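Read the structure below first, then the notes.
The values are calculated or read from the model by the stated rules, or taken from the named source; none is laboratory data. Worth saying up front: this structure is predicted, and the values here are computed from it rather than measured. Because the Cβ atoms are built from the backbone with ideal geometry, glycine has one as well, and the counts that use them run over all protein chains shown. Note: accessible area is taken over every heavy atom of the protein model, side chains too, but ligands, DNA and RNA are not part of it. Shrake-Rupley method; radii C 1.70, N 1.55, O 1.52, S 1.80 Å.
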Amino acid sequence: MSTKLEFSRGEVIAEKYEVVDRLDETPLGITYRTKHLKTSKYVRLVLLRPKIAGREQKDKIVDAFKMSKAFDHSHLVKMGELGEHDGVAYFTYEDFEGSTLRELMQEYKVAGKRLALKEAAQICMQILEGLAELHKHHIFVRGVRPEYVLINVRYTGPRKQTFVAQTKVVGSAFWNLVPTAVLAEDEFTAGEAQYLAPELKSFEPTPSARCDVYSVAVIFYELLVGTAPIGTFQDPKSLRPDLPDHVNTVAELGLANAPDDRYPSAADFINDLQRTFQDVNLDEGRSGGRSLVMPIALGLALVAVFFLAVILFNFRPDPNLVAQAADSQDRSQVLEKLQQSQPSKSEYEQIYARHPKNMVYVPPGPYVAGRLRSATTDGFAGTSEPVAEVRETEGFLIDVFEYPNLVGQAPVFDVTFEQAEQKCKEAGKRLCTADEWERACKGPRSQVYSYGDTFDQDFCGRGLETPYASGAMAECKSGWGVYDMSGSFREWTSTEEKKGRAVVKGGEKGAPERGTRCASGSDESVNFADKTLSFRCCRDVDAPPPSPEPAPAP
């Protein structure tokens, strides 16, 4: 029996729904915009994945549909019908006029804009209201992503300046059909596991309302600053000084690692967002609607006072504060440039379609190489490392894990440079340069460690002292979604700074605080090999499609 899920424009599903467009793919299945042949009415149709909606789950599918059909909530999609096409179950829902929240976020990035706090709060409060309704019936989406939220935005009021959003969460009770392991696998494949609450990445995941609270907190943070919080993330206000202090508290409570430290319910999260909303209105009223102008003017005044103090009073600022300011400026400029040139979702998809699986695309652009100037931020930096400078790389793809690049499998180690080079070549790839490796490790924010700016052995263990299977430590990944760069094994790169010696990145025996920093490195003879030394491969964007990868030797 056919289990076809892919349909092209003009094909007909269940003899009555003509495919107009393929919209999205989620752990539930593939979503199409379709036209009913008899009524000419447009509806969205989801072909459910057989592995979550096979014949043995028939009763659960029917129950999920009945429950979803009964929901009449302004922030949940309205269900249509449940059916079957050649053995594949499907359900339909309203053709909501609008886009996904992900598409809206992408539009803002391309335009170089950010959502105002009131706008981000309005969107998240509506998402939480829809989730609160699901939670009443013990339905937990788990890993809510912007792709699961439909949104319509319009501008009203004088001069059309008032932002009004209408959002709807898709899926409803069907999310209960998806095992948490399948959700985690999908998050990993998408390179966006940051939406999945930490407790759902454990061996015994326990879904709850607090899991969805965590996901929406990630979305709220991303709406405000343009990127999702990863590892030891920075407070929103440090990235956007125009935000009120209370936003940091909201992020801290929503993104707490321990479920008990988070908002206990969607309603509690909504209440705190409402307070943030009201605080902004109050501040704008006090300042006569000039909340952005005054901080800028004040900042310019402070700069003027600073230089006046230097000239008149021979004032000497703290060198470390000056260094911190320079580091912050470099990293902010790098992040801004990356956001302005961020590839579209379709561009990412086209690139990934031409290359092997389990690789992450790092687009062309800058990063802050070397050790930071500030001793307080980069206190474990080795003196042999160059001082921070902004460098650029071409776009490239890098393996998500160390060779053989398979989750759950132990990396190959005790290999020489030539052996590593040959293995990559056999896979249609090459060794990464030291710059590519460091940039992939530091992520878009040019962080000190792959997970953040402060050493924390809970994320990646203690470097070479605790080698482990690929992906075993879910938080040990960079902002680009590359795993185990600040933990597990050292790795060869293709960069040869001295004849017969190649740069090795990713560890230093007995000194994890220093050795697991992304900028740290050493050089080894190309003939050297030991039990701490592994590698991962890279690939040029314009490299030809590879032949099938050979099965790795045990």
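Quick notes on this one:
- Solvent-free Debye scattering, log10 I(q)/I(0), computed from the Cα coordinates of segment 74-137 at q = 0.16, 0.27 Å⁻¹: -0.77, -1.18
- Of the DSSP H helices in the chain, those whose Cα atoms cover at least 24 Å axially and whose Kyte score averages 0.0 or more: 117-135, 209-225, 293-313
- Distance between segment 493-542 and segment 32-92 - C-alpha centres, whole angstrom: 51 Å
- A Stokes-Einstein calculation at 10 °C with viscosity 1.306 mPa s, built on the Kirkwood radius of segment 1-147 over Cα pairs, returns a diffusion coefficient of 94 µm²/s.
- With helices as the sole contributors, the chain gives -10500 deg cm²/dmol at 222 nm; each DSSP H run of n ≥ 4 counts as -39500 (n - 2.57), and the sum is divided by every residue.
- With an a/c value of 1.5 or above and a/b larger than b/c for the gyration tensor axes a ≥ b ≥ c computed over the alpha-carbon atoms, segment 199-250 is described as prolate.
- Proximal aspartates and glutamates relative to residue 58, as straight alpha-carbon distance under 18 Å, when same-chain residues fewer than 8 apart are discounted: 81, 84, 86
- Label-to-label distance, nm, for residues given as residue 275 and residue 348 (7 Å Cα→Cβ offset): 3.4 nm
- Spin-label pair residue 185/residue 62, simplified geometry with 7 Å Cα→Cβ offset, distance in nm: 2.7 nm
- Taking the chain and dividing mean pair separation by its residue count, relative contact order in percent (alpha carbons under 8 Å, at least six apart): 10 percent
- Stretched out straight at 0.36 nm per residue, the stretch from residue 203 to residue 422 would grow longer than its current Cα-Cα span by 75.2 nm.
- Multiplying the residue separation of residue 70 and residue 497 by 0.36 nm and subtracting their alpha-carbon distance yields 147.1 nm.
- Cα-Cα pairs of segment 468-521 separated by more than 12 Å (percent): 66 percent
- Per residue, in Å², the accessible surface of segment 1-87 once ligands and nucleic acids are set aside, probe 1.4 Å: 57 Å²
- For residue 81, the residues whose modelled amide H falls within less than 5 Å of its own, excluding neighbours fewer than 5 places apart on the same chain, are 92.
- Cβ-based net charge around residue 72, under 15 Å, with every Lys or Arg adding one and every Asp or Glu removing one: +2
- One equal scatterer on each Cα of segment 72-179, no solvent, Debye formula: the resulting log10 I(q)/I(0) at q = 0.14 Å⁻¹ is -0.63.
- Within-9-Å neighbourhood charge of residue 85 [Cβ basis; K, R +1; D, E -1]: -2
- With all protein chains modelled, accessible area of residue 156 [1.4 Å, Å²]: 40 Å²
- Taking a Cβ cut-off of under 11 Å around residue 229, the surrounding Lys, Arg, Asp and Glu residues balance to a net charge of -2, with basic ones at +1 and acidic ones at -1.
- Secondary structure note: in segment 353-457, about 90% of the DSSP beta bridges are antiparallel.
- A 1.4 Å probe run over segment 397-519, with the rest of the protein chains in place, finds 35 Å² accessible per residue.
- A dipole drawn for the chain from +1 and -1 charges on Cβ atoms has a positive end, and of 427, 151, 232 the residue lying farthest that way is 151.
- A full extension of the chain between residue 160 and residue 328 corresponds to an added length of 56.9 nm, given 0.36 nm per residue minus the alpha carbon distance.
- Taking GluC sites (Glu not before Pro) as exposed when DSSP calls them loop and at most 16 other C-beta atoms lie within 10 angstrom, the chain has its longest site-free stretch at 98-393.
- Reachable aspartates and glutamates from residue 237, criterion Cα separation under 14 angstrom, eight or more residues apart if same chain: 222, 245, 252
- The tail of the calculated P(r) for segment 412-483, taken as Cα-Cα distances beyond 14 Å, holds 67 percent of the pairs.
- Anisotropy class of segment 384-541 from Cα gyration tensor, a/c 1.5 cut: rounded
- For the chain: rounded, prolate or oblate by the Cα gyration tensor [a/c cutoff 1.5]: oblate
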